[in-house]
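Notes follow the structure.
Derivation of every value follows stated rules applied to the coordinates shown; laboratory data play no part. Computed from a predicted model, the values in this text were never measured in an experiment. All Cβ positions, even for glycine, are placed from backbone atoms using ideal geometry, and neighbour counts span all protein chains on display.
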Amino acid sequence: MKTTKYFRSVWFITILIIVFPLIIYAVVNRYKNRFEALPVFPENSVFAKTGFNTSYAQLEFYNQEARIISFDKLNQKIILVNFFFTHCPGICLKMMTNEKKLQQILSRDTDICFLSFSVDPNHDSIPVLARYARLLDIGNDQWHLMTGDKRTIYQLARKKFNLSATEGDGGPEDFIHSDQLVLLDQKRQIRGYYNGTDPETISQLLTDIKKLENEK
């Protein structure tokens, strides 16, 4: 009888030794996922400290409904930015499809806005963007497909979002193609880069958006 109790005690202690650290890890990991602050990118740069300067904030672009949109008009919103073009059959379509899933989850969240800039604005006119919006079933005020001056868009992608290591002037032969989704906080600081073609990224991105909302 004493032997049985002894083995039960040893078994119980062994279970505690194994399970308790796992419980602590799960609790800490859950806390980190919900409340740990996101980094600011690029670290130690002027952009990280100041966000968009006035000139960039006031840049105006047209969305799929021919409305003028600027970062300045989206003050205090969390913004998810990406660059695409409508006749891209591979990376862009995967990225936009994954972003659509995220947008559906957040469709009633008025604190977030999606901005998708065309890297081929000469082709992606307002009517073309409108057809693409219908294809993706984008029917609310939360997601804007943007077109405008190519040089301005490319300068934005390179100088503010750091999405291309190549130099260029936004001329006819210049081209940027990125699969990254860029998360901006309410101060327009970059808080994360995400592979838009990876469906698993959406879960982490959703968590990070909630973190930014908690910061507010």
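Just subtract the alpha-carbon distance of residue 135 and residue 72 from 0.36 nm times their residue separation and send over the number in nm, one decimal.
Details: separation 63, 0.36 × 63 = 22.68 nm, distance 2.84 nm.
Working it through step by step, the gained length comes to 19.8 nm.
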Two pseudo-spin positions, 7 Å from Cα along C-beta at residue 198 and at residue 58, lie apart in nanometres by 3.9
Trypsin sites (Lys or Arg not before Pro) in segment 65-159 lying in a DSSP loop, each with at most 15 other Cβ atoms within 10 Å of its Cβ, come to 67, 108
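Provide the convex hull volume over Cα atoms per residue for segment 51-160, in Å³.
Working: hull volume 10.5 nm³, N = 110.
That works out to 96 Å³ per residue.
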